[in-house]
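Asker: Structure incoming, see below.
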Amino acid sequence: MKQRVSALLRAQFERDVVLEKPKDRSFGHYATPIAFSLAKELRKSPMAIADELAAVFGEHAMFSSVEATKGYINFRLSESFLGEYADWALKNPDEFGRADREEKILLEFVSANPTGPLHIGHARGAVYGDTLLRLGRRLGYDITAEYYVNDAGNQIDLLGLSLQLEGQHSVLNMEVEWPEKYYRGEYMTVLAEEALSVFGSDILTNPDRQKELALWAKDRVMELIVSDLAEANIHFDTFVSEASLYDDWERVMKKLGEGVYEAEGKLWLRSSEKGDEKDRVVVREDGRPTYLAGDIVYHNRKFEQGFDHYINIWGADHHGYIARVKAAVDFLGYDPDRLEILLSQMVSLLKDGEPYKMSKRAGNVILMSDIVEEIGADALRFIFASKKSDTALEFDVEVLKKQDNSNPVYYINYAHARIQTILSKSALSREQIMAAELKDLSADADALLFEALLLPEVIEDAFASRQVQKLPDYLKSLAARLHKFYYDVRILGTEEEAKLLKLFMMVGLSLRTGLSLMGITAKDRMTADEK
RNA sequence: GCGUCCGUAGCUCAGCUGGAUAGAGCAUCGGUUUCCGGUACCGACGGUCGGGGGUUCGAAUCCCUCCGGACGUGCCA
């Protein structure tokens, strides 16, 4: 809708026009303050300009009125326009909010190390990425979801060592000396027992078999991670192994050309020339490549696959890494602007209003699977998608367990369930309802219809700005409008029954579609909490 | 020190391509239909938009500066 109006104004004024939704809906559906910016060049008062411009649109079919008020031009869409749009959406629910973008995008997210199950911090990036993925696909983008598996380096060695020690300690009841850093947690005990039954006790005690154990363990951990993600309705198309990339290093290094140089017996990336603070080591004195080398090969691989655009979602603690990766992409001969790096900020947890500190050392890590078990995947997804990804998030586990207004998932589901219930209680058939015309609506009904039809522009906006929280915000406000309308207006048994039920079907469609884009299935009925 | 992000109601946060009276949920207090599910709705209370300066017809929004906070500043990943 907004695009239609916007395009019309652009054609009329031959310039881009700021179009906004008035805070006070009694003004109309859309408004523009363009008269203020024209005032100076035309040397007339904004009011006079607005009056003249509004008159131009007086008879347009899309609008029922176009009025100038205090310098603003307010547009009210006609009922026939809104009604026809809703009619089309209800008949083509899968097309509603869809677009036909053709860009191919590679979206990399989560990419947590395969050394342990996902914790609450990973969950945020996972939800953010998956929501962006769903929004983008709805808009027609061809998006591949990729997980980069860091299955090389010290951490894998440490995984093997930790698992042997864990096995010796808790499975074989041996005395062990714990190093300063090692992986621990319930999953390690489980893995140690499993390793014992698969390989026998030698694998837990023989230092020469640490590597073998580590390689087996990281595959098992990846299975854990994949299942954690699946529980939250998140699925990846491709997994790329870091270890498998180093074979390609020689070739990619040559491709970097002048981008690398040798000094002090090491190989350096000339990243300071491309905006990084300093040059970075890519191969150490002993010939072992650094993590950055792996990332360079990985990004070269991405670009050689010929996507139009690349999006990486990283934890905010990696932001210092952006400049060097972009520098490498540049040296490889690709446009670094095609690589977009989004940061997902830290999550802090409250329990009963008190900060809950999570530390690996103390072994009280909050796992993603714990939260899913406690509050459900829907609530987890909703709350993590509800906040701008680039600001720190604080949330209270207890609040999410409540089933009232303070829990937005219940609030929205309840709105959807109310719609389904009233539809099933009505004596009217679906055909009778669809045959009704959405006209002569009250101001509140008109506002509700307009709000329901906003979903497509919310999807566009949320994806384009990478601010997925705009979708849950919209769903909350649509649900609120529905609840209020439901409370105020009697529907069943009135002369307006068919018309209002059609309006409700439209609201239901938007709620359902919006929730599905968040990986949440709308509920048709609410069930009381089991005690 | 430098870099990135952030500072809006008691709490958690929207709003930030500059535009009409700064919004919501929670919390607190009060209220609601001969009712289609009260898991809802309405109202009250509550704000120097961190401080100061600047640009503008107009600033929570843009610029400068100061204060406060988070994160980063490995040849770990």
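The values are calculated or read from the model by the stated rules, or taken from the named source; none is laboratory data. Quick caveat: nothing in here was measured; it's all calculated off a predicted structure. Cβ coordinates were reconstructed from backbone atoms using ideal geometry, including for glycine residues, and neighbour counts include every protein chain displayed. The accessibility values were calculated without ligands, DNA or RNA, using every heavy atom of the protein model including side chains. Shrake-Rupley method; radii C 1.70, N 1.55, O 1.52, S 1.80 Å.
Asker: Please list log₁₀ I(q)/I(0) at q = 0.11, 0.13 Å⁻¹ for chain A, using the Debye equation with identical point scatterers on the alpha-carbon positions.
Answerer: -1.08, -1.29
Asker: Helix A:443-452: angle to the longest alpha-carbon principal axis of chain A, degrees 0 to 90, nearest 10?
Answerer: With rounding to tens, the tilt is 30 degrees.
Asker: Give the lysines reachable from A:K278 as a straight Cα distance under 29 Å; neighbours fewer than 8 places away on the same chain don't count.
Answerer: Qualifying lysines at Cα under 29 Å: A:K254, A:K255, A:K266, A:K302, A:K326.
Asker: For region A:277-318 and region A:179-198, what is the separation of their C-alpha centers, rounded to whole Å?
Answerer: 30 Å
Asker: Out of the total accessible area of region A:154-231 (probe 1.4 Å, heavy atoms of protein only), what percent is carbon and sulfur?
Answerer: The value for region A:154-231 is 49 percent carbon and sulfur by accessible area.
Asker: If you build the Cα gyration tensor of region A:201-257 and take the root of 5 times each eigenvalue, what three semi-axes come out, in whole angstrom, biggest first?
Answerer: Those come to 28, 24, 5 Å.
Asker: How big is region A:34-90 on each of its three principal axes, counting only the C-alpha atoms and giving the largest first in Å?
Answerer: 47, 18, 16
Asker: Using a cut-off of 18 Å between alpha-carbon atoms, which lysines can reach A:K40, once sequence neighbours fewer than 8 places away in the same chain are excluded?
Answerer: Straight-line reach from A:K40, under 18 Å: A:K70.
Asker: Among the trypsin sites (Lys or Arg not before Pro) within region A:191-279, which fall in a DSSP loop and have no more than 16 other Cβ atoms within 10 Å of their own Cβ?
Answerer: A:K278
Asker: Continuing with this model, one more query. Hand me the tally of lysine pairs in region A:408-516: alpha carbons under 20 angstrom apart, and the pair either on different chains or 8 or more positions apart.
Answerer: Eligible lysine pairs with Cα atoms under 20 Å apart amount to 8.
Asker: Quick query: amide H of A:G315 versus all other amide H atoms, modeled in the peptide plane; which residues come in under 5 Å with a sequence gap of 5 or more or a different chain?
Answerer: Under 5 Å from the amide H of A:G315 lie the amide H atoms of A:S344, each far enough along the sequence or on another chain.
Asker: Count charges around A:R481 for me, please; just the other residues with Cβ under 9 Å from its Cβ, Lys/Arg as +1, Asp/Glu as -1.
Answerer: Taking every Cβ under 9 Å from that of A:R481, the sum is -1.
Asker: At q = 0.16 Å⁻¹, what log₁₀ I(q)/I(0) does region A:122-281 have when each alpha carbon counts as one equal point scatterer in the Debye sum?
Answerer: So the normalised log intensities work out to -1.04.
Asker: Mind checking the full-extension length gain between A:A230 and A:Y261? Use 0.36 nm per residue of separation minus the Cα-Cα distance, one decimal, nm.
Answerer: Length gained, A:A230 through A:Y261: 6.8 nm.
Asker: Quick check on region A:154-232: what does the Kirkwood estimate of hydrodynamic radius come out to from the alpha carbon pairs, in Å?
Answerer: 12.6 Å
Asker: Probe radius 1.4 Å, ligands and nucleic acids left out: which of A:L172, A:L441, A:L448 has the largest accessible area, and how do the rest follow?
Answerer: Correct descending sequence by accessible area is A:L172, A:L441, A:L448.
Asker: Calculate the radius of gyration of the Cα atoms of region A:416-531 to one decimal place, then report Dmax, the largest Cα-Cα distance, as a whole number, both in Å.
Answerer: 14.9, 47
Asker: Give the longest segment of chain A that steers clear of GluC sites (Glu not before Pro) in DSSP loops with at most 12 neighbouring Cβ atoms within 10 Å, not counting the sites themselves.
Answerer: Here the longest segment lacking exposed loop sites spans A:286-494.
Asker: Quick one: accessible area per residue over region A:154-231, 1.4 Å probe, rounded to a whole number of Å²?
Answerer: Result: 53 Å² of accessible area for each residue.
Asker: Starting from the residue with the highest accessible area, list A:K181, A:K387 in decreasing order, probe 1.4 Å.
Answerer: Final ranking, largest accessible area leading: A:K181, A:K387.
Asker: Compute the distance from the alpha-carbon center of region A:6-38 to that of region A:408-454, in whole Å.
Answerer: Taking the Cα centre of each part, region A:6-38 and region A:408-454 sit 29 Å apart.
Asker: Give me the distance in nm between label points sitting 7 Å out from Cα along the Cα-to-Cβ direction at A:F239 and A:E223, one decimal.
Answerer: It is 1.0 nm.
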